[in-house]
Amino acid sequence: MYLDHNATTPVDPRVADTMPPHLTDFFGIPSSSHPYAQAPRRTLDEARAQVADLIGARAGEVVLTASGSEADLLALRGAVLASGRPRPHVITQVTEHTPPCWRHAVHWSAFTAPG
């Protein structure tokens, strides 16, 4: 599920209303072990559970990424690994956005980047 319309769609006011404390008070990295991470970790856990409820999944099945490019790469990597082939060939169309992170795809596939 692609939810990243950040480049072309304004942030929903309901989302913007919930953000201030996370931009000023709860600034820890959620995966860290220090106390500053506790509030952001709880927020992400709650968001993951809400998305899971919406799509009929378990929270542990929901993967949140930092960008659409990261999500694309994760999906491609999953498809490559699920193929069962040692180095499957992945081809995309030339009109696709080519994120910088795709250059890492060559490590796990005979990857043909668009362009």
*Tell me, what ³J(HN,Hα) does each residue in the range 21-31 have, in order and in whole Hz, if you take phi through Karplus 6.51 cos²θ - 1.76 cosθ + 1.60 with θ = phi - 60° and put x for Gly and Pro?*
x, 7, 9, 10, 9, 10, 9, x, 6, x, 8
*Each label point is 7 Å from the Cα along the Cα-to-Cβ direction; what then is the distance between the points at residue 57 and residue 91, in nm?*
2.9
_Heavy-atom accessible area ranking, 1.4 Å probe, most first, across 42, 58, 77, 48_ = 58, 42, 77, 48
*asked:* In whole Hz and in residue order, list the ³J(HN,Hα) couplings for the range 82-87 that follow from phi through the Karplus curve 6.51 cos²θ - 1.76 cosθ + 1.60, θ = phi - 60°; x for Gly and Pro.
replied: 6, 5, x, 8, x, 8
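The values are calculated or read from the model by the stated rules, or taken from the named source; none is laboratory data. Please read all numbers here as calculations on a predicted model, not as lab measurements. Note that we place each Cβ from the backbone using ideal geometry, even for glycine, and neighbour counts take in every protein chain shown. For accessibility, only protein heavy atoms count, side chains too; no ligands or nucleic acids. Shrake-Rupley method; radii C 1.70, N 1.55, O 1.52, S 1.80 Å.
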